[in-house]
Amino acid sequence: MTGLLGVAVSGLLGVPALRFFSYPLRRETVHGGEEPIAVADLARLPEGVPVRAIVVAPARYDAWVRIDRVALGAVWLLRRGSTVTAYSSVCPHAGCFVDFADKKNCFQCPCHGSVFGLDGTVQDGPSPRPLDTLDVEVKDGKVLVRYQRFRQATSRKEAVG
Ligand code: FES
């Protein structure tokens, strides 16, 4: 009986102690930058011409470490009137940086030749889906983007991380 009681007490004390000492091994510890981030002034975006913007998180946290002003990635902003579309600059094929070819008026990926229209649709190349759009809002004249990354080489848009 005493042995059983000892095992039970050990279990009761051991589980919380194990969780305490193993933190943050089993947790998602990197976070920050999930909120909408201001990337541009709406008034400075030209009509119908994509503009690249860097998305910089005010702070990122990795376990107990805080790092200020971390670049998360880049987006292409396309304004049509008061509406702004934000495309991820990451190619859905294999993750290369998608550029804007102003003479051809399309997006191009230099790695394997995917070409995307201004509406993001695939016009040529191996990309399995259109450019990924990101959530955008305009607030007090600022364009805010909620930056995300998406799984590559699949026809389904699926957020990762
Ligand atoms: Fe863009 Fe392959 S990574 S076409």
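The values are calculated or read from the model by the stated rules, or taken from the named source; none is laboratory data. This one's a predicted model, so the numbers in the text were calculated from it and none came from an experiment. Positions of Cβ are generated from backbone atoms using ideal geometry, with glycine treated the same way; all protein chains shown enter the neighbour counts. Heads up: the accessible areas ignore ligands, DNA and RNA and are worked out on the full protein's heavy atoms, side chains in. Shrake-Rupley method; radii C 1.70, N 1.55, O 1.52, S 1.80 Å.
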Selection within region 86-107 - within 13 Å of the ligand (Cβ to nearest atom), touching a Pro at 6+ places or on another chain (Cβ under 7 Å) and not in a loop (DSSP other than H, G, I, E, B): D99
Check whether at least one residue in region 50-65 is closer than 25 Å to E158 by Cα and not in a strand (DSSP E or B), and report yes or no. yes
Which count do you get for residues in region 138-147 that are open to solvent by less than 80 Å² (accessible area, probe 1.4 Å) and either within 17 Å of L45 (Cβ to Cβ) or free of Cβ contacts under 8 Å to residues at least 12 places away in the same chain (or both)? 5
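Of F107, F97, which residue is touching a residue at least 12 places away in the same chain (Cβ under 8 Å) and within 23 Å of E34 (Cβ to Cβ)?
On the way: F107 fails: within 23 Å of E34 (Cβ to Cβ).
Result of the check over F107, F97: F97.
Restricting attention to region 110-133, does a residue exist that is away from the ligand (no atom under 13 Å from the Cβ), in a loop (DSSP other than H, G, I, E, B), open to solvent by 50 Å² or more (accessible area, probe 1.4 Å) and on the phi > 0 side of the Ramachandran plot?
Keep residues of region 110-133 that are away from the ligand (no atom under 13 Å from the Cβ), which gives 117-121, 133.
Going one step further and asking which of them are in a loop (DSSP other than H, G, I, E, B), we end up with 117-121.
Going one step further and asking which of them are open to solvent by 50 Å² or more (accessible area, probe 1.4 Å), we end up with 119, 121.
Pick out the ones that are also on the phi > 0 side of the Ramachandran plot and you get none.
For region 110-133, residues away from the ligand (no atom under 13 Å from the Cβ), in a loop (DSSP other than H, G, I, E, B), open to solvent by 50 Å² or more (accessible area, probe 1.4 Å) and on the phi > 0 side of the Ramachandran plot: absent.
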Looking at region 20-72, which of the residues that are exposed (fewer than 13 other Cβ atoms within 10 Å of the Cβ) and of a type in the set (G, A, S) is modelled with the lowest pLDDT? S22
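Collect the residues in region 134-161 that are part of a strand (DSSP E or B) and among the basic types (K, R), keeping them in residue-number order. Let's see the steps before the verdict.
First, the residues of region 134-161 that are part of a strand (DSSP E or B): 134-139, 142-146, 149-150, 159-160.
Of everything in region 134-161, those that are part of a strand (DSSP E or B) and among the basic types (K, R) turn out to be K139, K142, R146, R149.
W64 - would you say it is among the aromatic types (F, W, Y) and either free of Cβ contacts under 8 Å to residues at least 24 places away in the same chain or within 10 Å of the ligand (Cβ to nearest atom) (or both)? Walk me through it before giving the result.
Details: among the aromatic types (F, W, Y): yes; either free of Cβ contacts under 8 Å to residues at least 24 places away in the same chain or within 10 Å of the ligand (Cβ to nearest atom) (or both): yes.
Yes: the conditions hold for W64.
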